Amino acid sequence: MAEKNNRKMGAAFEQKAAEYLAGQGYQILERNHKNRGGEIDIIAKDKEMLVFTEVKYRANVCCGDPLEAVHQRKQRRICMAVLYYYRKHGYGMTQPCRFDVIAFYGNGLFRHIQNAFEFQLHHI
């Protein structure tokens, strides 16, 4: 039951993040993209830049900042999913992209970190 509630809560914050990005002029291409490499919460375009966004929420920072949940292993999984996405959609490796994180806090605040991490695949 808790897992179902977590998914529902996660979907609500992903919706908020997508609305925020759209309001900032981003074109939302996909949400909850899953492939053999992993999952990407939001795929958007910011002008010509592909933006792969991870969304995290923490009701209380005593369990850690939501930004801390996007640790190196999670970053690698996102990067692997991006490789599969590029292949599926015919993007060449010259297509610019960046990795953003949107962190929501229980007090209603949020942070959008652009270029939160670099592309990496070491030791997946």
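Since every read-out is calculated from the coordinates, none of them should be taken as a lab result. The shown structure was predicted, so the numbers you read here are calculated from the model rather than taken from an experiment. Virtual Cβ from ideal backbone geometry, glycine too; neighbours counted across all protein chains shown.
What is the sum of charges, Lys and Arg at +1 and Asp and Glu at -1, for the other residues whose Cβ falls under 13 Å from the Cβ of residue 57? Display every interim value, and only then the final one.
Values: positive: 7, 8, 16, 56, 58, 111; negative: 14, 41, 54, 65, 68.
So the surrounding residues net to +1.
Once you put a point 7 Å from the Cα of residue 8 and another 7 Å from the Cα of residue 30, both along the Cβ direction, what distance in nm separates them?
Rounded to a tenth, the inter-label distance reads 2.8 nm.
Starting from one equal scatterer on each C-alpha and no solvent at all, send me the Debye-based log10 I(q)/I(0) for the stretch 2-117 at q = 0.12, 0.14, 0.18, 0.21 Å⁻¹, two decimals.
Here log10 of I(q) over I(0) equals -0.41, -0.56, -0.93, -1.26.
Going from the alpha-carbon gyration tensor of the stretch 30-84, what semi-axes, largest first and in whole Å, does one get by taking the root of 5 times each eigenvalue?
22, 14, 10
What is the fewest-to-most order of 16, 34 by other Cβ atoms lying within 10 Å of their Cβ?
Ranked by crowding around the Cβ, least crowded first: 34, 16.
DSSP loop (so not H, G, I, E, B), at most 10 other Cβ within 10 Å: list which GluC sites (Glu not before Pro) in the stretch 19-102 pass both filters.
Within the stretch 19-102, the qualifying GluC sites (Glu not before Pro) (loop, at most 10 other Cβ atoms within 10 Å) are 48.
Estimate the FRET efficiency between residue 114 and residue 15 by the formula 1/(1 + (r/R0)^6), using the beta-carbon distance for r and 30 Å for R0, to the nearest 0.05.
In this case the efficiency is close to 0.90.
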